[in-house]
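The values are calculated or read from the model by the stated rules, or taken from the named source; none is laboratory data. Fair warning: this is a prediction, and the values are worked out from it, not measured in the lab. Cβ placement follows ideal geometry from the backbone for every residue including glycine, while neighbour counts extend to all protein chains displayed. Only protein heavy atoms, including side chains, enter the accessible area calculation; ligands, DNA and RNA are left aside. Shrake-Rupley method; radii C 1.70, N 1.55, O 1.52, S 1.80 Å.
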Amino acid sequence: MSGTKLMIYGATGYTGRLVAAEALDAGLRTVLAGRRAQKLEPMAHTLGLAATAIGLGDADRLAEAMADIDVVLHCAGPFSQTAVPMFEACLASGTHYIDITGEIAVFETLAARDEEARRAGIMVLPGAGFDVVPSDCLIADLAARHPGGHVLRLALATHSGVSRGTMRTVLESVNDFRIRRAGVIARVAPGSLRHEFDFGDGPATALVSALGDVSTAWWSTGVPNIETYNRAGRRFRMMTRVSRWWGWLLAGRMAQAVLNSRVDRGTPGPSAAERRTSYGVLVAEIEDSGGGRTAARMRVPDPYGFTAKAAVAIAMRALVGDVHVGYQTPSSAYGADFMRQFDGVEWEQPG
């Protein structure tokens, strides 16, 4: 692996720093990258890594900087704005593309460019973190065990703080709740669908949300009807009500600017102490055409720490040539059992 090179773009962000530390621990030959040299260079000096400061808007310089990069691990959101420029630089340089997005539109945009990636001989694997590695593996395993699924439902309950990047993504999608019906992604009203899931403490109500699996689960399983939910805790119920009545206003440019400025004044993300007690629970349910249902559950400790571990684990596979050219999901590239390598994950499967 000594002759291969990884670029972490967005290395100075909250999750980017965790990813960089994980890559350093793994002994990977790494270049840190991002827009601002004044933030990037001190970090690179501390870690003893190379650095390059370059914006995504400079396509020629970006492609040039990536000429000797084998794999890019893209951590700079919002990915709705940054994924395409980075992907196009990867096409130009022949670099494998990995990111940590959870945004439905980004998955769909990159999937639509599968043929371009194949012609360039590169793998394109978005969603290499807590979004969507655990859920994708959970869903793929469940669908393989119970073929003939007609409807897939996924629910998430998190017990964790949020980073600025996560919060920006939430705000950006405040009026954009989606499901998949008969293979087609469609918008639904916030709060218009609810379902009960067992997150480990008995049945609990969850409300429709907009998780990236609306896109990726179809690619991984071919099941035509997909719904995603969040546990209906106080905070998510409030967000759903606000989205239902005021989402059109909050999605406007001025409101987004105000909301994001408030996010920028907050803490970067959960502290190390908070991360030690944080976790996420995912429940996947598959329903056949006769209405029969089977569910599986997974508990993942420290979602942000897991993102760093999973993204670097995927990058390591790519760096040694274990790649599948074209657009991929975590399970389509590395199988549902990819999740079994991570310590602390509790996976409850149906008998």
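If you consider only alpha-carbon coordinates, what radius of gyration and Dmax does region 1-44 have, in Å?
10.1, 30
For region 72-212, what is the accessible area per residue in Å² when the probe is 1.4 Å?
36 Å²
Just subtract the alpha-carbon distance of SER289 and THR205 from 0.36 nm times their residue separation and send over the number in nm, one decimal.
Net length gain for the segment: 27.9 nm.
Need one number: the % of Cα-Cα pairs in region 110-155 sitting beyond the 13 Å mark.
Result for the distance tail: 66 percent.
For the pair ASP337/ARG181, report the inter-label distance in nm, with labels modelled 7 Å from Cα in the Cβ direction.
Distance between the two pseudo-spin positions: 3.9 nm.
Could you tell me how many cubic angstrom of Cα convex hull volume region 263-310 has per residue?
124 Å³
Run the quick spin-label model on ARG36 and ALA53: label points 7 Å from Cα toward the beta carbon, then report their separation in nm to one decimal.
Label-label distance for ARG36 and ALA53, simple model: 1.0 nm.
Give me the percent of the accessible area of the chain that comes from carbon and sulfur atoms, probe 1.4 Å, all protein chains in place.
Its accessible area is 51 percent carbon and sulfur atoms.
Kindly report the accessible area of region 272-339 per residue (heavy atoms of protein chains, probe 1.4 Å, no ligands, DNA or RNA), in Å².
36 Å²
Please work out the FRET efficiency for the pair ALA26 and SER271, using the Cβ-Cβ distance as r and a Förster radius of 22 Å; give the result to the nearest 0.05.
The value I calculate is 0.40.
Output the relative contact order of the chain, whole-number percent, from Cα pairs under 8 angstrom with separation of 6+ residues.
22 percent
How high is the FRET efficiency between GLN81 and ARG194 when r is their beta carbon distance and R₀ equals 22 Å, given to the nearest 0.05?
0.10
Hey, rough spin-label estimate for ASP68 and HIS146, points 7 angstrom out along Cα→Cβ, what's it come to in nanometres?
The modelled label-to-label distance comes out at 5.2 nm.
In whole Å, largest first, what are the principal axis extents of the Cα atoms in region 1-130?
40, 28, 28
Rg and Dmax of the chain over Cα atoms: what are they, in angstrom?
Gyration radius and largest Cα-Cα distance of the chain: 19.4, 60 Å.
Report the antiparallel proportion of the DSSP beta bridges in the chain as a percent, rounded to a multiple of 5.
The answer is about 55 percent antiparallel.
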